Every structure is written in structure tokens, then in C-alpha cells.
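First comes the structure, then the notes that go with it.
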Amino acid sequence: MTKLHRILLAAACLFALPALAQAAPLSIDHPWSRATTMAGGNGVVFLTIVNSGSDADALVAVASPTAHMASLHRTLMKDKVMEMRSVKEIAVPAKGSVTLKPGADHIMLMGLKAPLKQGQTLPLTLTFRKAGKVEVQVPVLSAGSDGSH
């Protein structure tokens, strides 16, 4: 391979990188949270993950600088009592979606550093097994919101 061929190949790879980053199969739709009343309490985040790719993925971690800890949770009904359990991951099917919503899978923000105020946005990092990290800005709605904007 000549020096010119190597330069052309390197240039082609550099121009292809932005296209690959934009072709990620996951998108995050309608993220939202509810306002809270005190620092040190807990908050919650809901959203929809859409996977346009042909491979399944999984949400495996979450983080936000607004809380001391963030984790994935599932709400279950057990013996007519609603329980919340921490889960290790939330599956995202190929060519499908998963919705994190009240009464089901959701993201818990524990030990809030300040109350979440209606009208603000909070930064959230979602980590997927295959797609890696995705940064999201989450609007904070009223305390009693059902998620409709």
C-alpha cells in the first residue's frame, strides 16, 4: 500500500466516525421527572427507550449529579401490596421499545442534593450494555404530574 493510499484510507475513516455516532440505534423519548419538596429525599425519572436496531440491548446503569445515588427499579404487586425492587438491568428489545413509567420500571434518584423544582431540567447519564453512555436532559414537571407536558 502506498503512502497516498494510507492517507486516503485514514481520511475516509475519520469522515466515517461522525456518521457512525449518529447511527446509534437507541433514542430516548419523553424523559420526565416530578418536583420534590426537600433535599436528601428521593426523586424518580420516567422515559421511553426506542431501539431501531436489529440487536437487543439493556439499560444497565444510571447516574445523575443531582443525587448521591441513582438506580434502576421495578414496581411489583405482591400479595396485594405494591413493592419496589432494585433491578440490575432493563431489557430493550430489538426493533422495539420499553417505557419506564409510574407503577412499573423507573429510575430512582436517592439522596437528592437539592429539591427538584418544576421547570428545571436535570442531567442524567444512561449506560447501555452495547450502546454505551447516553446523556439526557430530564424536564421536571409538577409534583403530581402524570407525565403529559
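The values are calculated or read from the model by the stated rules, or taken from the named source; none is laboratory data. Bear in mind the structure is a predicted one, so any value in this text is a computation, not a measurement. When we count neighbours, we look across all protein chains shown, and the Cβ atoms used for this are built from the backbone with ideal geometry, even at glycine.
Contact map, the stretch 96-111: first residue hydroxyl-bearing (Ser, Thr, Tyr), second residue modelled with pLDDT of 95 or more, Cβ cut-off under 6 Å, separation 6 or more or different chains; pairs are Ser97/Thr48; Ser97/Val50; Thr99/Thr48.
Could you say whether any residue in the stretch 28-37 is on the phi > 0 side of the Ramachandran plot and assigned to a strand (DSSP E or B)? Scanning the stretch 28-37, I find at least one residue that is on the phi > 0 side of the Ramachandran plot and assigned to a strand (DSSP E or B), so the answer is yes. Residue count for the stretch 116-146 under the criterion of being part of a loop (DSSP other than H, G, I, E, B) and crowded, with 16+ Cβ neighbours inside 10 Å: the result is 3. Ala63 satisfies every condition listed in (1) loosely packed, with under 14 Cβ neighbours inside 10 Å; (2) closer than 20 Å to Leu26 by Cα; (3) of a type in the set (A, V, I, L, M) except (1). Sub-8 Å Cβ pairs linking a first residue in the stretch 122-149 that is under 12 Å from Ala35 (Cβ atoms) and at pLDDT 95 or above to a second residue that is outside any strand (DSSP E or B) and aliphatic (A, V, I, L, M), at least 6 apart or interchain, are Leu122/Leu116; Val140/Ala35; Val140/Leu116; Leu141/Ala35, ordered by first then second residue.
Kindly indicate whether any position in the stretch 82-104 is at pLDDT below 95, of a type in the set (Asp, Glu), over 22 Å from Gln137 (Cα atoms) and outside any strand (DSSP E or B). No, because not a single residue in the stretch 82-104 is at pLDDT below 95, of a type in the set (Asp, Glu), over 22 Å from Gln137 (Cα atoms) and outside any strand (DSSP E or B).
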